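The values are calculated or read from the model by the stated rules, or taken from the named source; none is laboratory data. Owing to the predicted nature of the structure, the values given are computational and were not obtained by experimental measurement. Cβ placement follows ideal geometry from the backbone for every residue including glycine, while neighbour counts extend to all protein chains displayed. These area figures cover heavy atoms from the full protein model, side chains too; ligands, DNA and RNA do not enter into them. Shrake-Rupley method; radii C 1.70, N 1.55, O 1.52, S 1.80 Å.
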Amino acid sequence: MMKRIWVRITRVLCGSALAAFAVAQTPETLARTLRGQPTVAARASLEKYAKAHPRDQNGALALLALAVHDIESNVPARATGALKQVRPRLPKLRDYVDYLLAQALFDSGQFAEAAEVASKIADSAVLTPAASIATRSWIATGKPLSAVSHLRARTGQLASPQADYLLALALEAAGDTKAAESAYRGVYVKFPKSGEAELCRTAIDRMKVALDAQERFERGSTLLAAGDPAGARVELQAALPELDGQDREIAKVRLGAAMLGARDTTGALAHLRSFAAADPELDAERVAHAVTAARRIKQYALGESLALGMIPKDRASAWRVEALVAMGNQALLDGDLAKQDTFYRACAESTAESSYVPYCRWKIAFGAYRARKPEAFEQFLTLVEKHPASTQASAALYFMGRLSETAKNPSTARSFYLRIDESFANHYYAVLARQRLADPVFRAVPASAAFSNLPWPRQTPDFQLTEEATVRGERARLLAAAGLDDYAEREIRFHRAAMPANQAALELAGLASRRGDHAKAIRHIKGNYPGYLSLPLDKAPMEFWKLAYPIPYREDLERNAKARNLDPFLVAGLIRQESEFNPLAVSRAKAQGLMQVMPATGRELSRKLGIRPYSTRRLLDPGVSLQMGTYHFRSWLDALDGKVEVTLAAYNAGKSRADRWVAADKWRETAEFVETIPFTETREYVQAVIRNADLYRRLYGKQAASLPSLNGDTGDH
């Protein structure tokens, strides 16, 4: 039972509590209505609420929301009056109120007062935008040196590149052209994808200065790392003629990578093969890019030749590993076992710090297992010993358990299954391990002590709020109560480093869920606390799990699942993987809605199901998506003999591919089929949906676990 130390924390709203919240007249609901539909009537409702609560906190929050609306609607004078009223009534949000007041004053042309208010803000998520207001205000009043002094005094506190650009503006206004030019160039080169970069380019053009080769080289390299290969190519090509030595070689390799990223694959391959780099690791990078290019244009023999040439070279090179894996995977797709073994073994022998190394060891060990070779157990064991926290460790433990069963050693098998459940609690193989442990054979034997010295990863997160998290969470929820979701998230993100990862994830996800954005809540959990899947269910409160695994549209979901004789928790697990419960989700392939139905499929299903009138837009209707998606999944499940994992593979990669994978071999168990799916995306998709369904079942099913809640009570289900 967790201690009751959460101070004034807002419980995550779900079920009937969410319905009650939706109809309540609070500043939050009224403010959200105004921001979403800025009508006269919506504003009048919020004004009426504020007037009815002239002294309490809720009334002040309503005024704050009105002031923000006025600033956004370009009525700053009205916002100024409201914010001055709010100031003494919201002491916990004083920095935000002052920032908004400074903005309103600036927009009203009251620059001196705006600078005075903004410059006094310190240690706040709005420190940098406040510095922007102060800087522009001082420049407007002819005091740019005050801005320069202010910005330099806060070096290290303000965010780049915004602070660097502000300093450049102030220096230029103060007449220090040389220093301003240097600052503009620094932003343009070091932060090429920022909004300030374009402003700096305009300033550089105005000053009639040009970047030198070294600056273009740095800018091109940064653009490449930032995912802009086309922009990187322009800069690197311009820099190359004037570079020499190591920089020239690096630029040539990066130019090849940029050409590859910009889809000039043939040109990239020719360029990368036209030279060799003197530095071994740099040359390994060159060859790795060339292997990728050759594979992309289906020059497989060339790719193999290039990768084979890397085998006797530096075993510590991560680029060497990448090239070997690329051709090992190609051999896997081609069904060439001998070539697979050659490339994966060379990769597995690498000393590089790369996630591909345990992947290669896994491929070799699983290949031995499939062939029932006696060395398979030792190969699985080596993988677990060397890479206990890798994504392949739980799979290795599972198949070690299966081998132990074959060897008539249930005690050892039980120990492996228990280890999976303890250390990889919500992984795909934990689902399978718990299924094995349910067998009466394992209930009758104790777990073996063998292999107990292996370095099992365990998580012991503390969900007790730190003082910092308590303060930040309370401020964020106050901001959210005024409908200021962007400011609420900014509050948590700004102080993220001072908060435990699980608490930051919980706060951010709670804010998103509060406004009904379940997809964003899920992404906050994934992004801020990626190790959550290894967390045993009872090590986190119910609120955390329901944020990570929400089930909105539950009534529609269960009705459609029942109509198609589908497990509703499997459907929920599928939707979480497909769209994260975002009804407006549209994939790169144009699949749409909760269950990601393709437009052509939707048109066909609309005729079968009598959905009229039909347009592609209807796929974004949760009810329609559930109706079509469950029908579609059921039809494929029937066509594939009721095999759930095979149907999931078909749903992700297409039925023809799934049929081909099934026909490729005889599988002794479903896990073998799943592991031999050659597309990593599809394999991980199948495992994720099965894992999701299991978690939904444990959280929402009839036998749902009794978990503690954030305030120490038993969670309700």
Subject >> Which listed residue is open to solvent by 30 Å² or more (accessible area, probe 1.4 Å), closer than 27 Å to Arg152 by Cα and of a type in the set (D, E, K, R), from Glu181, Glu242 >> reply: Glu181
Original post:
Taking the range 488-505 as the search range and keeping residues that are in contact (Cβ under 8 Å) with a residue 24 or more places away in the chain and open to solvent by less than 30 Å² (accessible area, probe 1.4 Å), which one is nearest to Pro27 (Cα to Cα)?
Top reply: Glu491
**OP:** Hey, could you check the range 544-556 for residues that are open to solvent by 40 Å² or more (accessible area, probe 1.4 Å) and not in a loop (DSSP other than H, G, I, E, B) and say which is nearest to Asp517 (Cα to Cα)?
**Re:** Arg554
Subject >> Residue that is within 17 Å of Ala183 (Cα to Cα), in contact with a Pro (Cβ under 9 Å, 6 or more places away or on another chain) and open to solvent by less than 40 Å² (accessible area, probe 1.4 Å), where the choices are Leu169, Leu158 >> reply: Leu169
**OP:** Check Gly156 against each of (1) at pLDDT 95 or above; (2) of a type outside the set (Ser, Thr, Tyr); (3) within 37 Å of the chain's Cα centre (by Cα) and name the one condition it does not meet.
**Re:** (1)
Subject >> The lone exception for Tyr529 - which of (1) crowded, with 23+ Cβ neighbours inside 10 Å; (2) touching an Asp or Glu at 6+ places or on another chain (Cβ under 8 Å) it fails >> reply: (2)
**OP:** Can you confirm whether the range 477-486 contains a residue that is open to solvent by 10 Å² or more (accessible area, probe 1.4 Å) and farther than 29 Å from Tyr553 by Cβ?
**Re:** yes
Original post:
Would it be correct to say that Leu308 is out of contact with any Lys or Arg (no Cβ under 9 Å at 6 or more places or on another chain) and either modelled with pLDDT of 95 or more or at negative phi (or both)?
Top reply: yes
Subject >> Among the residues listed as Arg576, Arg559, Arg490, the single one being in contact with a helix residue (DSSP H, G or I) (Cβ under 9 Å, 6 or more places away or on another chain), closer than 30 Å to Pro388 by Cα and either in a helix (DSSP H, G or I) or not hydroxyl-bearing (Ser, Thr, Tyr) (or both) >> reply: Arg576
Original post:
For Leu508, are the conditions met, namely being open to solvent by less than 30 Å² (accessible area, probe 1.4 Å) and over 18 Å from Ser625 (Cα atoms)?
Top reply: yes
**OP:** State which residue pairs qualify: first residue open to solvent by less than 20 Å² (accessible area, probe 1.4 Å) and inside the range 564-576, second residue β-branched (Val, Ile, Thr) and not in a helix (DSSP H, G or I) in any location, beta carbons under 6 Å apart, and separation of 6 or more residues or different chains.
**Re:** Ala572/Ile551
**OP:** Would you mind finding the one in Asp164, Asp123 that is open to solvent by 40 Å² or more (accessible area, probe 1.4 Å), touching a Gly at 6+ places or on another chain (Cβ under 7 Å) and free of Cβ contacts under 8 Å to residues at least 40 places away in the same chain?
**Re:** Asp164
**OP:** Would you check if Ala238 is in a helix (DSSP H, G or I) and in contact with a Lys or Arg (Cβ under 7 Å, 6 or more places away or on another chain)?
**Re:** yes
**OP:** Please enumerate the residues belonging to the range 398-419 that are open to solvent by less than 10 Å² (accessible area, probe 1.4 Å), among the hydrophobic types (A, V, I, L, M, F, W, C) and closer than 14 Å to Ser448 by Cα.
**Re:** Met400, Ala413, Phe416
